[in-house]
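First the structure, which I've put down as structure tokens, then a few questions once you've had a look.
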Amino acid sequence: YQREDDKPETVKRRLDVNIAQGEPIIAHYRAKGLVHDIEGNQDINDVFSDIEKVLTNLK
């Protein structure tokens with residue numbers, strides 16, 4: 001079963017809206033130094049290690 005709105009153009013539009021609405025929020029928290037970027041296109045163990053480093057520095 002495929003929903004009527006389950007089409008590539010609908011998904012693209014939803015993603016575009018999500019990005020447009022999310023960017024000001026991310027910018028707000030980034031300006032406060034509360035956003036930490038993690039490179040997700042690496043080995044899972046490296047991602048986990050990077051997350052641990054961020055969390056350790058928050059203590």
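Laboratory data are not the source of any read-out in this text; all were calculated from the coordinates shown. The model shown is predicted, which means the values in this text are computed figures rather than measured ones. Methodologically, a virtual Cβ is constructed for each residue, glycine included, from the backbone with ideal geometry; neighbour enumeration extends over all protein chains shown.
Under 14 Å from the Cα of LYS53, which aspartates and glutamates turn up, not counting those fewer than eight places away in the same chain?
Counting by Cα, and skipping residues close in sequence, LYS53 has these aspartates and glutamates nearby: ASP37, GLU39.
Right, another one. Using a cut-off of 14 Å between beta-carbons, work out the net charge of the residues near LEU58 (Lys and Arg +1, Asp and Glu -1, LEU58 not included).
+1
Here is a follow-up. Given HIS36, ILE26, TYR1, which one lies farthest toward the positive end of the charge dipole of the chain, if we put +1 on the Cβ of every Lys and Arg and -1 on the Cβ of every Asp and Glu?
ILE26
Along the positive direction of the dipole of the chain (beta-carbon charges: Lys, Arg +1; Asp, Glu -1; about the Cα centre), which of VAL11, ASN45, LEU58 reaches farthest?
It is LEU58, whose Cα lies furthest towards the positive end.
Note the direction-averaged projected area, equal to a quarter of the hull surface, for the Cα convex hull of the chain, in nm².
Averaged projected hull area, Cα only: 6.5 nm².
Roughly how many debye, to the nearest 20, is the charge dipole of the chain about its Cα centre, given +1 on each Lys and Arg Cβ, -1 on each Asp and Glu Cβ, and no other charges?
Here the size comes out at about 320 debye.
For helix 8-31, report the angle its Cα long axis makes with the longest principal axis of the Cα atoms of the chain; keep it between 0 and 90° and round to the nearest 10°.
Helix 8-31 sits at roughly 30 degrees to that axis.
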